[in-house]
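Values quoted throughout were computed directly from the atomic coordinates according to the rules given, and no laboratory measurement underlies them. All figures in this text were calculated on a predicted structure; none of them were measured in a lab. Every residue, glycine among them, receives a Cβ derived from its backbone with ideal geometry; neighbour counts consider all protein chains shown.
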Amino acid sequence: MKNAMKRERKGQPLATDVNPTWCPGCPDHMIFESARRAVLSLMKQGYKRENFAMVSGIGCHGKIFDYLNLSGIYGLHGRAIPTAIGMKIGNPNLKVIAFTGDGDTYSEGMEHFIHACRFNPNMTLLVNDNQSFSLTTGQATPTSQQGWKTKTEPLGDFNKPLNPLMLALSAGATFVARCNARDIEHTQKIIEEAVKHNGFSYVEIIQDCLIFNPEALKRDKMIYKLTDKKRTFDEAMNLAKEFDYNLKDGKIPIGIFYKTERKTLEEEWPQLNNLIKKNISWKDLKK
Ligand SMILES: Cc1ncc(C[n+]2csc(CCOP(=O)(O)OP(=O)(O)O)c2C)c(N)n1
């Protein structure tokens, strides 16, 4: 657990003075920068720093916990979502951002992902998807390309990749987006929109792993940006189908696929809704 107010890097607000140990050139550096800028921009728009909280899974992605100076909990692998929901139940007025990986969320944390889409807690889930369990040196995750040969899959991954956007949509997610880590400005904008959304906002981030899944580096030409417009569920589903995570063909849309309003988990509970309406925490209620 961490309370914000670690020493900060000069000239880089919200960055701790801890030196990142991500590989040079890893898009995790860029996701960190997008998230840092998004929170700073939201603070300029009136959001208070003390109302942000972060949680991370375990993996390369999770190291952001040491570098971004927000209060929060360094979670367990696969369990960032329930930890975030617990934080929201503890204080429904917090803006909780969960930083996770594809192995983390789509493998060990899969049941939490599906139910979070259904329950609609007012939180943001970022998934750094490098199509690899990278901290453990490259094994196949549910979004890895079929046939990918690794030390643990020497004959190539037998399975077809999962399409997490289609899954999130069909499970009831109220905000579904994808971005490309190397486009820092666009990713910042998507993170800001995700945090502002009242409900479960899910952002899948393409995060090429330069070391363990270099096959995944050849898709820049497939990526294109969606225009900002309201889409029906079917339109969003059709866009999600454009890329099957097998890397070789298809187009890869990035941007906000789908956004809709539905009561949040916290709003469904009268006790939590009371805290939201009064903008207080449980502790203030007792006074
Ligand atoms: C409960 C639990 N299961 C498994 C692990 C082992 N483990 C640590 S990091 C990791 C891989 C993380 O992969 P991913 O979530 O895709 O993140 P990346 O390292 O690629 O950013 C695994 C399997 C663990 N630490 N805890």
**Complete:** Comparing 114, 211, 252 in a Gaussian network model of the chain (Cα, 10 Å), the one with the largest mean-square fluctuation is 211
**Cross-link reach list, lysines versus residue 225, counting only Cα pairs under 25 Å and skipping chain neighbours closer than eight places** = 189, 196, 241, 248, 251, 259
**Prompt:** segment 237-287 to segment 25-80: how many Å between their Cα centroids?
**Reply:** 17 Å
**Request:** Under a 10 Å cutoff between Cα atoms, tell me which one of 150, 141, 100 has the largest fluctuation in the Gaussian network model of the chain.
**Result:** 150
**Prompt:** How large is ³J(HN,Hα), in whole Hz, for each residue of segment 241-251 in order, when computed from phi with the Karplus curve 6.51 cos²θ - 1.76 cosθ + 1.60 and θ = phi - 60°, using x for Gly and Pro?
**Reply:** 6, 4, 10, 9, 6, 8, 6, 7, 9, x, 9
**Complete:** Residues meeting the amide H criterion for residue 15 (H placed from the backbone, H to H distance under 5 Å, 5 or more places apart or on another chain) are 9, 69
**Asked** Given labels modelled 7 Å from the Cα in the Cβ direction, how far is it in nm from residue 285 to residue 268?
**Response** 1.8 nm
**Request:** Would you grab the residues whose amide H sits under 5 Å from the one on residue 96? Only those 5+ places off in sequence or on another chain, please, with H modelled 1.01 Å from N.
**Result:** 53, 124
**Complete:** Between the Cα axis of helix 184-196 and the main Cα principal axis of the chain, the angle (0 to 90°, nearest 10) is 40 degrees
**Footprinting exposure proxy for 8, 50 (fewest neighbouring C-beta atoms within 10 Å first)** = 50, 8
**Complete:** Which of 170, 132, 71 fluctuates most in a GNM of the chain (C-alpha springs under 10 Å)? That residue is 170
**Asked** If you keep only loop residues by DSSP, which chymotrypsin sites (Phe, Trp or Tyr not before Pro) in segment 81-162 have at most 16 other Cβ atoms within 10 Å of their Cβ?
**Response** 158
**Item:** Selected from 103, 188, 281, residue furthest toward positive end of dipole (segment 29-286; charges at beta carbon)
**Value:** 281
**Message:** For the chain, take the longest principal axis of its alpha carbons; what is the angle in degrees between that and the long axis of helix 27-44, to the nearest 10 within 0 to 90?
**Reply:** 30 degrees
**Asked** On a 0 to 90 degree scale, rounded to 10, what angle separates helix 80-90 from the longest Cα axis of the chain?
**Response** 10 degrees
**Request:** With θ set to phi - 60°, apply the Karplus curve 6.51 cos²θ - 1.76 cosθ + 1.60 along segment 208-218 and write out the HN-Hα couplings as whole Hz, x wherever there is a Gly or Pro.
**Result:** 4, 8, 6, 9, 9, 9, x, 4, 7, 8, 9
